[in-house]
Amino acid sequence: MKKLIISLFAALTLSMAAQAAIQVYEFETLEQEQQFKELGNTLRCPKCQNNTIADSNAELAVDLRQKVYEMTKQGKSKQEIIDYMTARYGNFVTYNPPFTAATSILWLGPLFVVVFGFGFIILRSRAKKVQPKKNQSWDKDKEARLHELLNEKNNEDKQ
């Protein structure tokens, strides 16, 4: 009985590993294979967000790879496939979104921050520093006043 349970457990464990098959794609030409690889590394998985469809194992990425494979086999160009994917999933599916009014903040924002920051630093460094008033001449009247104040202070301390 114990051997039966162990062999059943081993069979189930090994069968699960066998189901994790690697997808193999066959192409008619080397150009098609190259285009498929480029698109797999260019298109982003909408579910994973930071993985390409080639790197992701999400179901959506598998479906997208399959769609890219089918469209490549049909003879679609790289741009046609990218246009199809962006029409369906938006500009997010590409790592380099096109420059549009909606994406202008993504392209111009960092440039604005850098230019504004350097401009601010330059203006601050070139700004006139507040200069203290020129020393007024020290005359005998001021000297006499100073001695009076010191004498008053010394007299207060003694009392």
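The values are calculated or read from the model by the stated rules, or taken from the named source; none is laboratory data. Keep in mind it's a predicted model, so treat the numbers as computed, not measured. Every residue, glycine among them, receives a Cβ derived from its backbone with ideal geometry; neighbour counts consider all protein chains shown. Accessible surface is based on the protein model in full, side chains and every heavy atom, while ligands, DNA and RNA are left aside. Shrake-Rupley method; radii C 1.70, N 1.55, O 1.52, S 1.80 Å.
Brief remarks follow.
- Screening the candidates 120, 116, 99 for the property of being among the aromatic types (Phe, Trp, Tyr) and touching a helix residue (DSSP H, G or I) at 6+ places or on another chain (Cβ under 8 Å) yields one hit, 99.
- Criterion applied to 120, 99, 112 was being over 24 Å from the mean Cα position of the chain (by Cα), aromatic (Phe, Trp, Tyr) and open to solvent by 90 Å² or more (accessible area, probe 1.4 Å), and the one residue passing it is 120.
- Residue in the range 27-37 that is open to solvent by 70 Å² or more (accessible area, probe 1.4 Å), within 26 Å of residue 107 (Cβ to Cβ) and at pLDDT below 90 present: no
- Test: residue in the range 52-66 that is of a type in the set (Val, Ile, Thr) and assigned to a helix (DSSP H, G or I): yes
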